[in-house]
Amino acid sequence: MSEVRLQKVIAGAGLMSRRAAEELIAAGRVTIDGHVARLGERVDPATARVEIEGVLVPVAPGLVTYLLYKPTGVLSTAADPRGRPTVVQLVPEEPRVVPVGRLDADTEGLILLSNDGELTLRVTHPRFGLTKTYLAEVRGRMPTSAVRLLRAGVELDDGMARVRRARIIASRPESTLVEVVMAEGRKREVRRLLAAVGYPIEKLVRTAIGPITDRKLKAGEWRALQPGEVASLYKAAGTGP
């Protein structure tokens, strides 16, 4: 791909106007492949690493990220040899995207699908500490002592695990709604944590991925993330915890 003026590339990512990009470049707040950019400098969007104050700007052409509300029973994988439904079947075939992380088949809620490898790494790798928020319905009335245990940490069969945050949303004798925020994603970790403190999950919904949420999406519905939302994900997972 031919080289393009940097301010045009940044504006083309949908984050700001060309004039605003020029001001950032002139102020020395933009780098290209590690060096401070100069106003009027030209780059190849397909290969250049453009950062604004250390936060990567997704400028490569053709990048797309979808936000999907995964229904229960649908697998968070690109294909299944047994022919079970997958999240990839719920979004457009082109450009090809893959699930960003996983949700258990019996868990519903928000999941990203993308062809942006850098974004996928930052959202899924524990060292970046991007949080995921869940709403769990558990059996019985959960006391605040159980919430304190979740925060302090519980020994599971694969090591110590703890929530980043937890709070009771609603409580009845037969069930409790509890919001749980996690900063890692071991297999069925939320379910195992709550079961370990004595409150098995009846229903689990992921409601947010870092700063990204959408209460309007219904099961099976999706939408493309806006450039500003993609930028907010990069910022949230920019330097790790």
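The values are calculated or read from the model by the stated rules, or taken from the named source; none is laboratory data. All figures in this text were calculated on a predicted structure; none of them were measured in a lab. Glycine also receives a Cβ, built like all others from the backbone with ideal geometry; neighbour counts cover every protein chain displayed. Accessible surface is based on the protein model in full, side chains and every heavy atom, while ligands, DNA and RNA are left aside. Shrake-Rupley method; radii C 1.70, N 1.55, O 1.52, S 1.80 Å.
Assorted remarks:
- Matching residues in the stretch 48-91 - criterion: being in contact (Cβ under 8 Å) with a residue 24 or more places away in the chain, of a type outside the set (Val, Ile, Thr), over 30 Å from residue 31 (Cβ atoms) and in a loop (DSSP other than H, G, I, E, B): 71, 73, 76
- The stretch 18-42: number of residues that are in a strand (DSSP E or B) and surrounded by 13 or more Cβ atoms within 10 Å (Cβ to Cβ): 4
- Out of 194, 217, sole residue that is within 17 Å of the chain's Cα centre (by Cα) and open to solvent by less than 50 Å² (accessible area, probe 1.4 Å): 217
- Candidates 149, 177 - the one that is surrounded by 15 or more Cβ atoms within 10 Å (Cβ to Cβ) and either within 20 Å of residue 103 (Cα to Cα) or in contact with a Pro (Cβ under 6 Å, 6 or more places away or on another chain) (or both): 177
- For residue 15, the requirement of being assigned to a strand (DSSP E or B) and either surrounded by fewer than 14 Cβ atoms within 10 Å (Cβ to Cβ) or in contact with a helix residue (DSSP H, G or I) (Cβ under 7 Å, 6 or more places away or on another chain) (or both) is not met.
- Qualifying residue in the stretch 43-59 (condition: at pLDDT 95 or above, of a type in the set (A, V, I, L, M) and open to solvent by 20 Å² or more (accessible area, probe 1.4 Å)): no
- Residue in the stretch 62-91 that is nearest to residue 129 (Cα to Cα), counting only those that are among the charged types (D, E, K, R) and open to solvent by less than 40 Å² (accessible area, probe 1.4 Å): 70
- Options 122, 139, 127: the member that is under 25 Å from residue 235 (Cβ atoms), out of contact with any helix residue (DSSP H, G or I) (no Cβ under 9 Å at 6 or more places or on another chain), among the basic types (Lys, Arg) and in contact (Cβ under 8 Å) with a residue 40 or more places away in the chain: 127
- Note on the stretch 92-123: among residues that are in a helix (DSSP H, G or I) and among the charged types (D, E, K, R), the one that is most open to solvent (accessible area, probe 1.4 Å) is 118.
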